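Structure, as structure tokens:
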Amino acid sequence: MQGRIFRVLTVCLFLFLLCLGLCEGLMCYFCEDSSEKEGKDQCKTWIRTMMYYRKKYNEQGAFTTKKYVKNCTGFANLPEEQVFCSIMYVKSGGILRSYIRGCSDGRTFFDEEFNLRVAGTVKGDNQTKCIGQGESICITLCNGQGQDFCNGPLLSKATGVFPWTNGIMSLCLLMLFIQTLALDRLS
């Protein structure tokens, strides 16, 4: 009886931790500002602050904040493979007018006219697409490809967070699960 309880608990733990590592969805940096003035251009330049919130999110598994970190899963009611992290900015006369990090469906940006001009040309490959002369609008999309927060600063190895950590954890849990099943069959 104890073996069966242990087996059920192991399976539940395995599924829970696997889902924690793989089911959370696409996480993106999320902020906006409309100034190039020192201290008011936080979305573009406050890299350490964004990294702080991301590290906190990674440490706690799920971190609720309205600053810099957002789960983009379900954005615009789309499946995860159709959702992107984005950076969008507007420059006019060489001055940055708007800078936005967030979620995107890859089709809807600033206004209908702009959407038509870039339709089908903006890809989720982390390359920047700019349109316009005098006033330019630039967009960068990325889908993470297994790594969240692709629209901002990456954490260094010094932070102790590696992009492959969830994969290794999942593999270890799978091996534990298989071992539990094998031990059960032997007893």
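The values are calculated or read from the model by the stated rules, or taken from the named source; none is laboratory data. All of these numbers come straight from a predicted model, not from anything done at the bench. Counting neighbours? That spans all protein chains shown, and the Cβs are built from the backbone with ideal geometry, glycine included.
When the residues of segment 29-46 are narrowed to those that are modelled with pLDDT of 85 or more and hydroxyl-bearing (S, T, Y), which ends up farthest from S92 (Cα to Cα)? Full working, then the answer.
Pass one, segment 29-46, residues modelled with pLDDT of 85 or more: 29-34, 42-46.
Filter once more, so that each one left must be hydroxyl-bearing (S, T, Y): 29, 34, 45.
Numbers: Y29: 24, S34: 12, T45: 19 Å.
Filtering first and then ranking leaves Y29.
Can you give me the number of residues within segment 85-125 that are in contact with a Leu (Cβ under 9 Å, 6 or more places away or on another chain), without any contact (Cβ under 8 Å) to a residue 60 or more places away in the chain and of a type in the set (S, T, N, Q)?
Count: 1.
Out of N77, N71, which single residue is among the polar types (S, T, N, Q), more than 26 Å from E36 (Cβ to Cβ) and touching a residue at least 40 places away in the same chain (Cβ under 8 Å)?
Numbers: N77 fails: touching a residue at least 40 places away in the same chain (Cβ under 8 Å).
Result of the check over N77, N71: N71.
With among the hydroxyl-bearing types (S, T, Y), under 18 Å from G144 (Cα atoms) and touching an Asp or Glu at 6+ places or on another chain (Cβ under 9 Å) as the only criterion, which of T73, T128 stands out? Write out each step before concluding.
Values: T128 fails: touching an Asp or Glu at 6+ places or on another chain (Cβ under 9 Å).
Only one candidate qualifies: T73.
Mind checking whether some residue in segment 19-28 is at pLDDT 85 or above, surrounded by fewer than 14 Cβ atoms within 10 Å (Cβ to Cβ), within 26 Å of S98 (Cα to Cα) and within 16 Å of the chain's Cα centre (by Cα)? Explain how you work it out, then say what you get.
Going through segment 19-28, the residues at pLDDT 85 or above turn out to be 26-28.
Keeping just the survivors that are surrounded by fewer than 14 Cβ atoms within 10 Å (Cβ to Cβ) gives none.
Scanning segment 19-28, I find no residue that is at pLDDT 85 or above, surrounded by fewer than 14 Cβ atoms within 10 Å (Cβ to Cβ), within 26 Å of S98 (Cα to Cα) and within 16 Å of the chain's Cα centre (by Cα), so the answer is no.
Modelled with pLDDT under 85 and either in a loop (DSSP other than H, G, I, E, B) or within 19 Å of the chain's Cα centre (by Cα) (or both): which single residue out of F162, F177, F109, F149 fits that description?
Values: F177 fails: either in a loop (DSSP other than H, G, I, E, B) or within 19 Å of the chain's Cα centre (by Cα) (or both); F109 fails: modelled with pLDDT under 85; F149 fails: modelled with pLDDT under 85.
Result: F162 is the single residue among F162, F177, F109, F149 that is modelled with pLDDT under 85 and either in a loop (DSSP other than H, G, I, E, B) or within 19 Å of the chain's Cα centre (by Cα) (or both).
For segment 120-136, how many residues are over 26 Å from E80 (Cβ atoms) and either hydrophobic (A, V, I, L, M, F, W, C) or at pLDDT 90 or above (or both)? Working first, answer last.
First, pick out the residues of segment 120-136 that are over 26 Å from E80 (Cβ atoms): 130-136.
Within this subset, residues satisfying the condition of being either hydrophobic (A, V, I, L, M, F, W, C) or at pLDDT 90 or above (or both) are 130-131, 136.
Matching residues across segment 120-136 total 3.
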